[in-house]
Amino acid sequence: MSAPLVVAMVGTDHHPFDRLVGWLDRLAATLGPRVEVVVQHGHSARPEVARGVEFVGQAELTDLLDRAAVVVCHGGPGTIMDARRAGHVPVCVPRDPSRGEHVDGHQERFAAVVEDAGVVRLATDFSTLADGVAAALRDSGPQADAVGIERAAGESAERFARQIDPVVGRRVRRVRSVRRALLSRVTR
């Protein structure tokens, strides 16, 4: 049996996110060979312990997310949605503009809203990152089944819609094919 895979994505923004890469290196050192940690580090420093890839294409990203037991990501909405499409509740570490990790605080605000909706597990320090990864590793074990994942996906979509409806000013129609696509990935 191969080691569980933790995939971390910092996105493509030109601001370095060395803080998260450092935490992932520390986590990889703590977990040792029993867990594989792959970090898409972008313009940040290359990890020293975890396996680093600067950027990945869409096909490679899809493959990594499909194989991942856990996803860690920055607070970019597109990255979070990529993880959600693959059936994950990502551990989210938003970029902090006061540390030069982004131009403004939109990731922190967005991550807080989607955490309240159950879309992500928010981590703001190494301890909550490690706890979130540990919880996600437990949740990704053999006890996770298609019915549980479908129910969680449906509940998350409903919570997310309740958060988004006031923003767009109308009820957002839920697309049924997304549920079928998630379920088909789980039952393959």
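Would you mention how many residues in the stretch 1-40 are touching a helix residue (DSSP H, G or I) at 6+ places or on another chain (Cβ under 7 Å) and over 19 Å from G132 (Cβ atoms)?
Adding up the residues that qualify gives 0.
Any idea which of E115, E36, E101 is closer than 24 Å to D139 by Cβ and in contact (Cβ under 8 Å) with a residue 24 or more places away in the chain?
After ruling out the rest, the residue left standing is E36.
For the stretch 122-142, which positions are among the hydrophobic types (A, V, I, L, M, F, W, C) and outside any helix (DSSP H, G or I)? Let's see the steps before the verdict.
Residues of the stretch 122-142 among the hydrophobic types (A, V, I, L, M, F, W, C): 122-123, 126, 129-130, 133-137.
Residues satisfying the conditions are L122, A123.
Condition test on V38, is it closer than 20 Å to P77 by Cα and buried (at least 18 other Cβ atoms within 10 Å of the Cβ)?
Values: closer than 20 Å to P77 by Cα: no; buried (at least 18 other Cβ atoms within 10 Å of the Cβ): yes.
Spelling it out, it is not the case that V38 is closer than 20 Å to P77 by Cα and buried (at least 18 other Cβ atoms within 10 Å of the Cβ).
Taking into account only those residues within the stretch 116-131 that are over 17 Å from R26 (Cβ atoms) and among the small types (G, A, S), which is most open to solvent (accessible area, probe 1.4 Å)?
Pass one, the stretch 116-131, residues over 17 Å from R26 (Cβ atoms): 116-122.
If we keep only those that are among the small types (G, A, S) as well, we get 117-118.
Values: A117: 2, G118: 24 Å².
Top of the filtered list is G118.
State yes or no: is A123 modelled with pLDDT of 95 or more, in contact with a Ser or Thr (Cβ under 7 Å, 6 or more places away or on another chain) and under 28 Å from P16 (Cβ atoms)? I'd like the intermediate steps shown before the answer.
Numbers: modelled with pLDDT of 95 or more: yes; in contact with a Ser or Thr (Cβ under 7 Å, 6 or more places away or on another chain): no; under 28 Å from P16 (Cβ atoms): yes.
Spelling it out, it is not the case that A123 is modelled with pLDDT of 95 or more, in contact with a Ser or Thr (Cβ under 7 Å, 6 or more places away or on another chain) and under 28 Å from P16 (Cβ atoms).
Just checking, does the stretch 19-32 include any residue being among the hydroxyl-bearing types (S, T, Y), more than 15 Å from V6 (Cβ to Cβ) and either in contact with a Pro (Cβ under 8 Å, 6 or more places away or on another chain) or open to solvent by 20 Å² or more (accessible area, probe 1.4 Å) (or both)? Let's see the steps before the verdict.
Quick first cut of the stretch 19-32, residues among the hydroxyl-bearing types (S, T, Y) only: 30.
Add one more test, that the residue is more than 15 Å from V6 (Cβ to Cβ), and what stays is none.
No: the stretch 19-32 contains no residue that is among the hydroxyl-bearing types (S, T, Y), more than 15 Å from V6 (Cβ to Cβ) and either in contact with a Pro (Cβ under 8 Å, 6 or more places away or on another chain) or open to solvent by 20 Å² or more (accessible area, probe 1.4 Å) (or both).
Mind listing just one residue for me: the one in the stretch 18-73 that is of a type in the set (K, R) and not in a helix (DSSP H, G or I) and, of those, farthest from T124 (Cα to Cα)?
So the first thing to find is which residues in the stretch 18-73 are of a type in the set (K, R), and the list is 19, 26, 34, 46, 51, 67.
If we keep only those that are not in a helix (DSSP H, G or I) as well, we get 46, 51.
Details: R46: 21, R51: 23 Å.
Among residues in the stretch 18-73 that are of a type in the set (K, R) and not in a helix (DSSP H, G or I), the one farthest from T124 (Cα to Cα) is R51.
Residues of the stretch 96-115 being open to solvent by less than 30 Å² (accessible area, probe 1.4 Å) and not in a loop (DSSP other than H, G, I, E, B), which ones?
Q107, A111, V114
The values are calculated or read from the model by the stated rules, or taken from the named source; none is laboratory data. Since the structure is predicted, the reported quantities are computational estimates derived from the model, not experimental observations. All Cβ positions, glycine included, derive from the backbone under ideal geometry; neighbour counts span all protein chains shown. Keep in mind that these areas ignore ligands, DNA and RNA; they rest on the heavy atoms of the full protein, side chains included. Shrake-Rupley method; radii C 1.70, N 1.55, O 1.52, S 1.80 Å.
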